[in-house]
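Heads up, the thing below is written out as structure tokens.
A short reminder: the numbers here are calculations on the coordinates, not readings from a lab. Quantities reported herein were computed from a predicted structural model and do not represent experimental measurements. Note: ideal-geometry Cβ built from the backbone for every residue, glycine included; neighbour counts use all protein chains shown.
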Amino acid sequence: MNLPWTICTIAWTALAVGTAVVLLFRTAPYGRHSRSDWGPTLPHRMGWIVMEVISPVALLGVLWWRFDPDLAALSGYQVGLVALWLGHYVYRAILYPFLMRWKEKRMPVVIMLSAVVFNLVNGGLNGAQIGAISPPSDIPIPMWIGLFLFVAGLLINIQSDAILRSLRRPGETGYKIPEGGMYRWVTSPNYFGEMLEWIGFAMLAATPAAVAFAVWTAANLIPRALSHHAWYKDQFAEYPRHRKAVIPFML
Ligand SMILES: NC(=O)c1ccc[n+]([C@@H]2O[C@H](COP(=O)([O-])OP(=O)(O)OC[C@H]3O[C@@H](n4cnc5c(N)ncnc54)[C@H](OP(=O)(O)O)[C@@H]3O)[C@@H](O)[C@H]2O)c1
């Protein structure tokens, strides 16, 4: 990787650490942590699709622009990485927002814009670095473990999202204690699954940009999981005492 890309990626990762510190003290204002003083809002589903679709578009756009206009020169290994990225975002950007019952829900425009910038940089950096990978001659064991973590994380994330979705009947907006799946052990298994996915992806891709994304995911989701956990304990006297916030038996 050349020097400008290296500097960009290091700065990007450092920003993730700074963001985590801010988020530990100031929870991002959406969902149960919404506040009315974050300016104009837009329909939640529209905001969600726009902000998430940017990531695969940026990844494919940079690959196409910088490396190979018809993408035919990419190795099978590079195509596999792109396929995993696209698989995640088909779920996150397209299926998830239509599965959720978000008819009345709204999102602050500033949250959508900050996620658009995040996904633009993240997708772009990862596209650039996936495009520059030389495929390994064989797949070493850490990469197989990475693939396993990615797939396991995606399944945990999808299952946990589905359990949350099943808690409300049409028209309901309140909160219940989620049960089943990995909710036996943690308050936010959806975030745990998401973190596993991107740690796995970083092991597979072995690029600084993929590591930066794994760090960013933890930087966003660990503070949010801690806020959710404190919120549940505050709202529900019967909230299971043994349940951790996001990492089973640890945190
Ligand atoms: N890679 C990243 O950096 C990143 C960042 C953010 C999110 N994500 C992923 O995006 C997905 C959604 O994230 P999120 O922060 O919106 O998750 P969340 O806070 O767990 O909420 C997910 C959905 O479930 C509903 N819900 C949550 N707890 C509930 C309960 N106890 N009873 C009834 N309904 C409940 C929420 O409603 P309300 O909105 O009304 O609370 C929301 O519609 C997750 O899978 C997460 O991993 C990834």
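Structural descriptor for the chain: relative contact order 25 percent, calculated from alpha carbon pairs under 8 angstrom and at least 6 residues apart. Put a plus charge on the Cβ of each Lys and Arg, a minus charge on the Cβ of each Asp and Glu, and nothing anywhere else: the dipole of segment 139-251 about its Cα centre is then about 280 debye. Residue ranges 197-205, 161-169 sort as 197-205, 161-169 when ordered by packing (mean number of other C-beta atoms within 10 Å per residue, highest first). Here's the list of lysines a cross-link from residue 233 could span, going by alpha-carbon distance under 18 Å and ignoring same-chain residues fewer than 8 apart: 176, 244.
Give the dimensionless ratio obtained when the Cα radius of gyration of segment 40-135 is divided by 2.2 N^0.38 Å. List each step's numbers first, then the result.
Numbers: Rg = 15.1 Å, N = 96, 2.2 N^0.38 = 12.5 Å.
For segment 40-135, the normalised Cα radius of gyration comes out at 1.21.
According to the square roots a ≥ b ≥ c of the eigenvalues of the Cα gyration tensor, what is the shape class of segment 139-251, taking rounded for a/c under 1.5, prolate for a/b larger than b/c otherwise, and oblate for the remainder?
Verdict is prolate for segment 139-251.
The angle between the Cα long axis of helix 109-131 and the longest principal axis of the Cα atoms of the chain comes to about 30 degrees, rounded to the nearest 10.
For the chain, the longest principal axis of the C-alpha atoms and the axis of helix 189-205 are separated by about 10°.
Compared with the dominant principal axis of the Cα atoms in the chain, helix 208-235 is inclined by about 0°. Dipole magnitude for the chain: about 1000 debye, using +1 per Lys or Arg Cβ and -1 per Asp or Glu Cβ, origin at the Cα centre. Charging the Cβ of each Asp and Glu at -1 and of each Lys and Arg at +1, and nothing else, the dipole of segment 40-135 about its Cα centre rounds to 480 debye. Over the chain, what portion of Cα pair distances is larger than 28 Å, expressed as a whole percent? The share of Cα pairs beyond 28 Å in the chain comes to 34 percent.
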